[in-house]
Every structure is written in C-alpha cells, then in structure tokens.
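Here the structure comes first, spelled out in structure tokens, and everything after it is commentary.
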Amino acid sequence: MLLFGAMDAAMKTVTIDMGVVAALFWRCMIGVVLALALFLAQRSPAIPRGAVLRLHLLRGTVVAAMAVLFFWGLARTPMAEAVAISFIAPIIALFLAAVVLKERIGSGAIMASVLGFAGVAVIASGRLGLLGGAAQAAGQDTGVAQWSGIAAITGSAVLYAWNLILQRQQAQLTSPQEIVLAQNLIIGFWMALAMPFVGTLPGEQLLSAPVGWGLLALSAVLSILSLLLLSWAYARAEAQALLPLEYSMFIWGALFGWLVFDETIGWTTLAGAGLIVTGCWLVARQPRP
C-alpha cells in the first residue's frame, strides 16, 4: 500500500501536466520494458492461451478503464479524499468474493470492513466539511471540476472491486511476472487507441524535461513492484483476508498528499486512521483455514 501511495503521488503530478491518457500510455511503455525483462527471466516463460489469455484481456480492460477514471479524478481531488472514496471497493469486493470465488465471509472480516468503512466515513466527513463556504474561504475549487472528480473516483472504485476478484482468479492460474506484463501491454494498447482523440503526445513540455521522465519511470517501477507483491499475496490468501488491509492505503495517501501537494491532515484523519488500523489488525489476527 505504501508503494501504491507513492505511485499515486507521482501519477497525480504527471497527469495534471500532460493528461491521464498520455500519462498512462508512457507509464505502460516503460512498464512493458521492465516487465518483459522479468517475464523472460523466468525459467520457462510461455505465451498465455485459452482461459488465461481471456482473463488477462478482461482484467487488463477493466484496469484500463479503472485507471483512467481514478487518475483523472485524482488530478481534481485531494489525495486523502480520493483514497477515502475508493474504499467502497473492498467492501463491494468482499461480497463479490462470496459470489464469484465461493469464499465464506467470516464475522471477523465483516467487522473489519465495518470498522474500515467507519474510519473512511469519519475522514470523509472532515474533508467534506471543507466544501461550500469553508472551501471557498480556503481558496479550494468547489465547482463542477471537483464534483466530477469525485464521480470519476466513485466509478473507478466499482471497477476496482471487480478487479480485485479478477486478480484473485488470475493469481491462481499464472505467475506474477506474466500478470504484470499482460496488464501493462493491454492498458498501453487501449491508451494508444485513445491518444488520437486527445491529441498527439500531449504534455510535450513535460516529456522534454528529465523530471517528467523520472516521474513516469518511478511510477512504472512502483506499479510493477506493487502488482508483483499483490499477485503473490492473492495467490496465497483469501480475498476476504486481504481486502481490509486495503484501508491502510488511506494513511499513505494522506501522507503523500501532505508531503507533495501540501494537503492538510486534521483530527478526523487521525481518528479515521485509528479505526482503519483496528480493522486491519482484526482481520490479520483471524485464524487461517
């Protein structure tokens, strides 16, 4: 989750300057090079076929739409608020796991999710309290841009819930290296198709600067490391055991928002984080089958 927080901060910076489609395209191109090296380093790399290939295509397409919505919204929304909204995804996915993966939902997992959601509600209430007159006094955007950002992140959260279930299925069928390579290739393909509709190489002023390429490379490396670790974890644990741990992402989102974008952290953030950590602790101490 720490790696995802750092990646979000890097991608928010790049997306603000060059747009979400171009940022995702170039990040995936760098990611393909890195992921291909990892894939070929396996003892017996093989081209996926059949059900595995279909699952790669499905998840890659879902993640492409999810990423566009999330990073587009993130460029218009404070990081802490964006992460808080996205926390509806683990709750949706917890029950999707029961339907799709036939996993039994334990009482501890439900309690952890309730605590996590309560923590998010506390944090979001503090953030939403800045809207209206208070936000205007603080010089923050309260218009269509901010609300459209919230709507986009909400949509991405629904897709993220589906992605979490697909991730669990995918991790049981193939290697993390193959998953990472397939995802970068498929997302890059969809972004390449979309680029003509948003202009040719938007954000050239960023690409001409070393810091732009540095942020894209950093984002690609963090994305690959995060995906490798998640794929490894989902291949070894049930979705309901891992999903509540997603809530710790808020802590890192708030931290990077403060460090990089000077977004404030109030008492509601601390109170909500306490509930989130408690939920993570409850699910972590559950006996495993």
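Just so it is clear, none of the values below were taken in a lab; they were calculated from the coordinates. If you're wondering where the values come from, they're calculated on a predicted model, not measured in any experiment. As a convention, Cβ positions derive from the backbone with ideal geometry for all residues, glycine included, and neighbour counts pool all protein chains shown.
Quick notes on this one:
- Karplus-derived 3J(HN,Hα), 6.51/-1.76/1.60, for each residue of segment 17-29, Hz, glycine and proline x: 7, 10, x, 5, 5, 5, 4, 5, 4, 5, 5, 5, 5
- Overall, the anisotropy analysis places segment 1-118 in the oblate class: the square-rooted eigenvalues a ≥ b ≥ c of its C-alpha gyration tensor yield a/c not less than 1.5, with a/b not exceeding b/c.
- Applying the Karplus relation 6.51 cos²θ - 1.76 cosθ + 1.60 with θ = phi - 60° to segment 11-16 yields 3J(HN,Hα) values of 5, 4, 4, 5, 5, 4 Hz, where x marks Gly and Pro.
- Estimated inter-spin distance, Leu2 and Lys102, nm [label 7 Å along Cα→Cβ]: 3.9
- The H on the amide N of Glu263, modeled in the peptide plane, is under 5 Å from the matching H of Trp258, each at least 5 residues off or on a different chain.
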